[in-house]
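Below is one structure, written out as structure tokens, with a few remarks after it.
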Amino acid sequence: MEGETLVRVRNLRTYLYANGRCNKAVNDVSFDVRAGRTLCVVGESGCGKSVTAASIMQLLPPLARIESGEIAYRSAEGELRLDRLPRNGRAMRSLRGRDLGMIFQDPMTALNPVYSIGFQIRESLRYHTRLGAPARRAKAIELLADMGIPLPAQRSGEYPHQLSGGMRQRAMIAMAMACEPKVLIADEPTTALDVTVQAQVFDLMERLKRERGTAIMLITHDMGVVAELADEVVVMYMGNVVESGTVREVLKSPAHPYTRALLGSIPLLGRGRSQRLEPIRGSTPDPFDRPPGCQFAPRCPRQEPACDAGLPPEVEVSAAHRVRCLFAKEGRDGR
Amino acid sequence: MIAYTLRRFLALAPMMLLMTFLVFLGLELTPGDAVSFIAGPEAMANMDGSQLAALRESLGLDDPFLARYFRWLGGVLRGDFGYSLTSGVPIARIVAERLPATLELSAAALLVSTLLGSALGLASALNRGKALDQALTVAGMIGVSVPEFFFGLVSILVFSIELKWLPVGGRTRPEYLGLWDRLPHLVLPALVLGVSMTAGVMRYARASMLDALGKDFMRTARSKGLPEARVDLVHGFRAALAPIAVLIGFRLPMLIGGSVVIEQIFQWPGVGSEFLAAVRGQNYPLVMTIALLSVLAVLAASFLVDLATAALDPRVKLS
């Protein structure tokens, strides 16, 4: 059903461990992924957006752990707590590919170079459907055709290196969509592609959302993509959700200084070369030596001593708009 | 493909010419000649110059270096590999007698080391940092550093003399000739040679597998919900296979040379011991023929490696 919450993430904390140190990569993150909607998770590199996606899929690196919080998936058989399932157990495996599809950043490295596109698509069908070999073959070709790949029967037998970047990503999407998952998680699916191809891939994702009611969680660092595709936005910074809400609310009246700074640093087409871009001052802090309170405080123009007292609570600015800032309610118009 | 094979085949000729010439030159530059070996130091001292000269002439050693090289080369092109300078037996017969034994031993050892090395390397990589991996690393280190002769002698002592499970050496009992009768003789030398070659394959397979395990496509495979065993074997190991095949391919020439040490210890009637004697005795027709076979094996192996790489990795084109 359209708008129904399929994946509910609440107070998720995922920590990465390396060299005896702990990086609180995802620290108290909550959001919903809804059927027929696109949720964009935005933030710069290292903000924890990919770790959040990997937590949902339980595809975390070995030295990462979901510490607390919940990830609930509404499956056909009822609600499932994904965070409680064993990582590579039967239950989790049967959800991956069948209910939860994932697209990765670089299709060149994410596809296995020694197997044909068709083989890699048929693999999911083999484990999640009862189709026989000839039916799988036909279905793989049909999927490629659906994704707008010309000569699908021929392409199906080709290897990833024989395809262009855009074709590869379409093949990747065909693979993720093979069993018609209810949720599609796309981790920066167009970062490795050029702009025209990017538009084609997004068109395809929009179509899947519209025609099949797929819930899409799109991870990106590009505010332009957010404006284009998102229904809802989650802005992340250093492992926290700093602002979330409907795309209209967040982009029109950004309440967190970081969101405002992000929007202020993007050049707008049509404003000419005289427009002033405001880079965000400073740089992201060392994840192993974090600021005591608000993670953005050291770079924030609005910073006060109170910001360092502790992580600010989430404030509801309006029914569809939450912000983690002490000054969220004031100065929403000024910069 | 056909054009490629043809081109590789044509490239063979100049390579062979160059390699055989260098080996011939090497023999020429070694002090002494076959006569000094055949006659022995005492006889040499008692023979006068004309007798030695006559002996040299009868063996054709009095001709200039280039003349001898081309005479040998001409013979080879006509299919005549010459005669052993020490025994007068045709080289072709010596090789026909000895080569099968060496091929049998080396092929068995290669098979053992390939299967064992790949399996252990795979197990090691999948258990990285755990007890099994560490144990195999130590075992590999020991395997590389213990000399084969020591390993061979210890295993003869244990399995042949103490336990009496297997024969001490030799290739067959004279009254039996079937493969089944030969097998007990083959087991020990093949295992000793195979196991001593395993360490290298294992370490290489481990590194190659670890490399594959870290690749992005492994995560993609998991994201499709495939079972771990399929992810590791069908995606990981298959991708790790090409480099392992290269290593094994380049060991193929060993099929010809064999292992001199192992053949000696197990009194295996192969090419290795014969080759050693021929080099010592400056028996150049025999040395040259075995060298020729080795060069051919090296070139054939590199061709096979190319074919295998192209078959295992669709990104590689034969050109």
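The values are calculated or read from the model by the stated rules, or taken from the named source; none is laboratory data. Not measured: the values here are computed from a predicted model. With ideal geometry, Cβ positions are generated from the backbone for all residues, glycine too; neighbour counts draw on all protein chains shown.
Considered as a group, the residues in segment B:199-228 that are more than 10 Å from chain A (Cβ to nearest Cβ) and of a type in the set (A, V, I, L, M) include one that is nearest to A:GLN105 (Cα to Cα), and that residue is B:LEU213.
Note on segment A:264-310: among residues that are aliphatic (A, V, I, L, M) and buried (at least 17 other Cβ atoms within 10 Å of the Cβ), the one that is farthest from A:VAL225 (Cα to Cα) is A:ALA297.
Pairing each residue of segment A:5-25 that is under 12 Å from A:ILE71 (Cβ atoms) with any residue that is of a type in the set (D, E, K, R) and assigned to a loop (DSSP other than H, G, I, E, B), provided the two are 6+ apart or on different chains, yields C-beta distances under 6 Å for A:LEU6/A:LYS182.
Are any residues in segment A:1-40 in a strand (DSSP E or B), more than 21 Å from A:ARG81 (Cβ to Cβ) and among the aliphatic types (A, V, I, L, M), and if so, which ones? Once the filter is applied, which keeps residues that are in a strand (DSSP E or B), more than 21 Å from A:ARG81 (Cβ to Cβ) and among the aliphatic types (A, V, I, L, M), segment A:1-40 yields A:LEU16, A:ALA18. Restricting A:GLU206, A:GLU211, A:GLU228, A:GLU243 to residues that are in contact with a His (Cβ under 7 Å, 6 or more places away or on another chain) and of a type outside the set (S, T, N, Q) narrows the list to A:GLU243.
Highlighted here are the helices (runs of 4 or more DSSP H) found entirely within segment B:245-315 that include at least 1 residues which are within 14 Å of chain A (Cβ to nearest Cβ) and at pLDDT 85 or above: B:284-312. Every condition in (1) outside the structural domain of A:ALA76 (by TED's automatic domain parsing); (2) surrounded by fewer than 20 Cβ atoms within 10 Å (Cβ to Cβ); (3) within 16 Å of A:MET102 (Cβ to Cβ) is met by A:ALA153 except one, and the failing one is (3). A:ASN112 satisfies every condition listed in (1) facing chain B (nearest Cβ under 8 Å); (2) under 26 Å from A:VAL9 (Cβ atoms) except (2).
If you go through segment A:115-143 and keep only what is over 15 Å from A:MET167 (Cα atoms), more than 7 Å from every other protein chain (Cβ to nearest Cβ) and polar (S, T, N, Q), you end up with just A:THR129.
The residues listed here are A:SER55, A:SER68, A:SER45; of these, the one that is small (Gly, Ala, Ser) and in contact (Cβ under 8 Å) with a residue 60 or more places away in the chain is A:SER45. If you go through segment A:71-102 and keep only what is at the interface with another protein chain (Cβ under 9 Å from one of its Cβ atoms) and in a strand (DSSP E or B), you end up with A:ARG96, A:LEU100, A:GLY101, A:MET102. Go through the residues of segment B:9-28 one by one and say whether even a single one is at pLDDT below 85, farther than 21 Å from B:ALA297 by Cβ and exposed (fewer than 15 other Cβ atoms within 10 Å of the Cβ). So far as segment B:9-28 goes, yes, one or more of its residues are at pLDDT below 85, farther than 21 Å from B:ALA297 by Cβ and exposed (fewer than 15 other Cβ atoms within 10 Å of the Cβ). Hey, could you check segment B:241-260 for residues that are under 12 Å from the mean Cα position of the chain (by Cα) and of a type in the set (A, V, I, L, M, F, W, C) and say which is surrounded by the most Cβ atoms within 10 Å (Cβ to Cβ)? So, considering only residues that are under 12 Å from the mean Cα position of the chain (by Cα) and of a type in the set (A, V, I, L, M, F, W, C), the one surrounded by the most Cβ atoms within 10 Å (Cβ to Cβ) is B:ILE256. Taken as a whole, the structure leaves A:ASP146 outside the set of residues that are acidic (Asp, Glu), more than 8 Å from every other protein chain (Cβ to nearest Cβ) and crowded, with 20+ Cβ neighbours inside 10 Å.
Just wondering, is there one or more residues in segment A:25-40 that are within 14 Å of chain B (Cβ to nearest Cβ), surrounded by fewer than 23 Cβ atoms within 10 Å (Cβ to Cβ), of a type in the set (Asp, Glu) and farther than 21 Å from B:LEU213 by Cβ? For segment A:25-40, residues within 14 Å of chain B (Cβ to nearest Cβ), surrounded by fewer than 23 Cβ atoms within 10 Å (Cβ to Cβ), of a type in the set (Asp, Glu) and farther than 21 Å from B:LEU213 by Cβ: absent. In this entry, A:PRO107 is excluded by the filter for residues that are crowded, with 17+ Cβ neighbours inside 10 Å, free of Cβ contacts under 8 Å to residues at least 12 places away in the same chain and more than 8 Å from every other protein chain (Cβ to nearest Cβ). Do we find that B:SER106 is free of Cβ contacts under 8 Å to residues at least 60 places away in the same chain, surrounded by 12 or more Cβ atoms within 10 Å (Cβ to Cβ), hydroxyl-bearing (Ser, Thr, Tyr) and within 26 Å of B:PHE266 (Cβ to Cβ) in this structure? In short, no. Return only the number of the condition from (1) within 14 Å of another protein chain (Cβ to nearest Cβ); (2) assigned to a loop (DSSP other than H, G, I, E, B); (3) farther than 20 Å from B:SER223 by Cα that A:HIS161 does not satisfy. Of the numbered conditions (1) within 14 Å of another protein chain (Cβ to nearest Cβ); (2) assigned to a loop (DSSP other than H, G, I, E, B); (3) farther than 20 Å from B:SER223 by Cα, the odd one out for A:HIS161 is (2).
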